[in-house]
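Comments concern the structure below.
Taken together, the values in this text are just the output of simple stated rules run on the coordinates, not laboratory data. Note that the structure is a prediction, hence the values are computed from the model and not measured. Heads up, the Cβs are rebuilt from the backbone with ideal geometry, glycines too, and the neighbour counts pull from every protein chain shown.
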Amino acid sequence: MTSTDPQQVVAAAMQPLVEVDVPPALRASIERQGQTLLVLAVNLLHAGLDEQQVRSVVDQAFASYRDELIAAILALRARDE
């Protein structure tokens, strides 16, 4: 069994969101994505991947989501202006 904490892996991946002013309309989406990434990290660890592999997969999954999220934030801000 590994000593890697899936919550720490996900928190590290999602750290860039701390600096983003997220509209309230998107907060639930971010929480769901965090839970999805947590389940992914747990499953990867149970499948036997090492910490670096799990971090890499979670980082890649989050990067894709981050790009979509930023586009959504910009669209909401443009709509509100």
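Data overview
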read-out: Kyte-Doolittle at least 0.0, axis length at least 27 Å by Cα - qualifying DSSP helices, the chain; value: 24-46
read-out: MRE, 222 nm, helices only [DSSP H, n ≥ 4, -39500 (n - 2.57), over the chain, to nearest 500]; value: -26500 deg cm²/dmol
read-out: For Kirkwood radius over Cα pairs in Å, calculated from these coordinates, the label among (i) 14.5; (ii) 13.4; (iii) 14.8; value: (ii)
read-out: Protection proxy ranking of 10-16, 65-71 - average other beta-carbon atoms within 10 Å, highest first; value: 10-16, 65-71
